[in-house]
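Here's the structure, in structure tokens; my notes come after.
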């Protein structure tokens, strides 16, 4: 059994009930159950980091933790095995990430793995040419190279395609000029997927995606961004000053970058909250165990059983929506509004639970869930369109 200490009270936890419940779900066969249970044990044992508090305060990325997760195959979960990944379907990927989030206290590290998967690994796998996949995908899937995609700009707001970064034609290639902001993994990434528009175009039309390697002439990064939460996930601006890329750098078809971005966002919105649901499951277990032990909450307040019950119900509902939707996607029933609904409900559930349980650190980590991968209001608009509203 693992032993944790919160607010001066020793708390002894048993086996994680919700993860074990999932392991016995008919959604997972025996092989997949073993994978999920293995990830949970790995996270609890290998990612128990006594230096996390200091790194979190200083906003320091955990390189050793990344290498451990990469060696475990977590940096390429959905990628086919022949391309260097684990070959997991969406249900299995969600379960593995939930187990990782349950066991790993470093939410920033887990967030960086998610950003790597959904913004770099999946787009390259789904849209890359054979040459691009052969060159980059195995190293990305093995976690030897950290990836990102650079879409957000200082003035773009919620309109992702309000881009000022320009891809100026230059012979057979392009010259990229612009600045991206708030880009997760910038300080540690070595491969960027950069979205830029052709001159004299607006909106999604004319946007292309380009593969740019760190160290290319004209590429620079800004100072690390100070954040309230997820502080160990590094973020910074990416500056492109007359960066030349050849025709082989175009990801997907020229002018079809919007399709690459939409595909990335659909995967991300479906799966990015799985780890946070796992982390919430662990927080709830700790709160319940501490309340039983001392008649006080793990955070020093009088226990409120109604709050804990409401968190349990909301967590189970969010998990049910996540796994039912992941199963639907695995069986060809894909609807962007369903992925948006998962992102919306799960992120709001995690934030409300952190507020209700007075969990300051997790509250700081949870606030961003209403913003990244599209704001909660944007998710509501996507669902509303599906309703014909």
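Values in this text are rule-based calculations from the coordinates and carry no lab data. Predicted model, so just to flag it, every value in this text is computed and none were measured.
Using alpha carbons only, how many degrees (0 to 90, rounded to 10) separate the axis of helix 30-46 from the longest principal axis of the chain?
That works out to roughly 80 degrees.
Tell me the mean residue ellipticity at 222 nm calculated for the chain from its helices only (DSSP H runs of n ≥ 4, each -39500 (n - 2.57), averaged over every residue, nearest 500).
Values: 14 runs with 184 residues, N = 389.
Only helices count here, giving -15000 deg cm²/dmol.
Using the alpha-carbon atoms, what tilt in degrees (0 to 90, nearest 10) does helix 376-386 show relative to the longest principal axis of the chain?
The angle comes out near 70 degrees.
Using only Cα atoms and rounding to the nearest 10 degrees, what angle (0 to 90) does helix 107-116 make with the longest principal axis of the chain?
30
Of the listed values (i) 151; (ii) 201; (iii) 134, grab the one calculated as volume of the Cα convex hull per residue in Å³ from the structure here.
(iii)
So what's the gap between the Cα centers of the stretch 340-358 and the stretch 127-157, to the nearest angstrom?
Spelled out, the Cα-based centre of one part sits 29 Å from the other.
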